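The values are calculated or read from the model by the stated rules, or taken from the named source; none is laboratory data. Because the structure is a prediction, the values reported are computed rather than measured. In this analysis, Cβ positions are derived from the backbone assuming ideal geometry, glycine residues included, and neighbour counts consider all displayed protein chains. With ligands, DNA and RNA removed, areas are computed over all heavy atoms of the protein, side chains included. Shrake-Rupley method; radii C 1.70, N 1.55, O 1.52, S 1.80 Å.
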Amino acid sequence: MAKILLVDDREDNLMAIESILAPDGYVFVKANSGREALKVLLAEYDFALILMDVKMPNLNGFETASLIYERERLKHIPVIFITAHSYGDENIFKGYRAGAVDYIYKPINPDLLRAKVSVFIDLYRKNHQLMSQEQKLIAINKSLEAEISERKNNEEKIKALNLQLLQNIDKLEAANKDLDRFAFMASHDLQEPLRKIRTFGDRVASKYSQVLDEDGKKYLERMQNAAQRMQSLIQDILTFSKISVQEKQFVVSDLNLILREVISELEIPIREKGFVIETERLPKLAVNPGLIRPLFLNLISNAIKYSRKEVKPFVKIYSDNGESRDSKYCRIFFEDNGIGFDQKYAEQVFRMFTRLHQRNEVEGTGIGLALCKKIVEEHNGFISVRSKENEGSVFIVSLPLNLKIMNPASQSENQLIIMFLNNQRKKFAGFNQHRK
């Protein structure tokens, strides 16, 4: 509600002005002199308008207005002079220079007074609205500045975290490479003493078999079998570590040709177990053939090793050719009717050295499926399995349909293939020998 300061040395004039303006709902503060008005303005300064008589004793209206406008916080309050005299231009100018915005002459015309006061009150209210809006804008601006500052700080923090993350990734990659090199070197160095153990064990078996009793022969056989398992384990570790250090090189390859080569490599154990392999047409994909061969070999070898004796074993190999809706991957399925396992182990089987069966039940090093996972991940793909005990398993290899094509496999990769295939041959040779 707007406040108006009424200044006049006569009480009847103050009452007359108040009675004219009271119906409009204003709040009035009255002063009987210029000095009293100045005292009021020391405590209150939120007035919308000052109505002041010009002719007052001691301190007239012009002098009072001049003193009012010396204070910065009072300069916004408009002053209307009320006078009974019609001053000349010089005095009127003096009033305006003192800070007046208008004059009202006595006798007061009520309608004119209400009209003029209404105009200034309206200006006061609009000015307050503008000031209120300005304060809101200032607050919003400060909030935006704070938000921008916080965002900049967050961006700097994110940059720092990203930099730290990149550094950690570099350190982790370097550590992984060092670990792979260590595994390669350690496995390589372990082979020499192991070869001597196997060589001298074979000599003892051939030269002194007649001298040894049954317990001695049994101990020697167990030693030779342990050495053979150790050699298979070392060779698998070598194969696994070599995948990490070689460059990714992909060429468009016919997966059917690779599959036929792998099946040919496994001809003996397939025939020994009466194993049936059903294949459907596989697509051509950009892959590293040197890695896809051990992938296929390991998955089929697993199907052979973990087959059930009471049923005719088989594995069915097929793909969806990436024909599923919005698919970016081609899924290749290896479905068998083997011994299977509980589905809760579906992720665990792809970890290094994980075995769900005892060694006396099924031969193996526990690295094969971990190797498969690493090979698939090198192709930016993924592998999973669905399995049920005594019913079989379905291994699903998902490979990207659009992988960047690079140069053909290098000589080092070919050596990797040969090493892994030889390793698998030795495993199955040992398996067949053990059966005999």
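Odds and ends about this structure:
- Neighbourhood charge, 11 Å Cβ-Cβ cut-off, centred on N153 and excluding it, Lys, Arg +1 and Asp, Glu -1: 0
- Estimated FRET transfer efficiency (E36, N162; beta-carbon r; R0 56 Å; 0.05): 0.20
- As a calculated quantity, the FRET efficiency between M15 and A43 at R0 = 22 Å, using C-beta atoms, amounts to about 0.45.
- Peptides 144-151, 109-116, 251-258 ordered by average Cβ neighbours within 10 Å, highest first: 251-258, 109-116, 144-151
- Take each peptide in 162-169, 20-27, 295-302, count the other Cβ atoms within 10 Å of every residue, and average; sorted highest first, the result is 295-302, 20-27, 162-169.
- The portion of the accessible surface of segment 99-150 made up by carbon and sulfur, rounded to a whole percent, is 58 (1.4 Å probe; DNA, RNA and ligands excluded).
- Mean-position separation - Cα centroids, segment 247-269 and segment 62-76, in angstrom: 99
- Net charge contributed by nearby residues that have their C-beta within less than 13 Å of V394 (K/R +1, D/E -1): 0
- Carbon + sulfur, % of accessible area of segment 249-343 - ligands and nucleic acids excluded, 1.4 Å: 47
- Straight-distance crosslink candidates among lysines, where the alpha carbon sits under 20 Å from K126 and sequence neighbours closer than 8 are dropped: K3, K75, K116, K136
- E192 versus N58: modelled label distance in nm, points set 7 Å from Cα along the beta carbon direction: 11.7
- Take the Cα of N176, go 7 Å toward its beta carbon, and the backbone nitrogen atoms of segment 273-313 under 18 Å from that spot belong to 288, 291.
- FRET efficiency, 1/(1 + (r/R0)^6) with R0 60 Å, evaluated for N153 and D111 via beta carbons: 0.45
- Two-site label geometry, S327 and K217: point separation in nm, points 7 Å out along Cα→Cβ: 5.6
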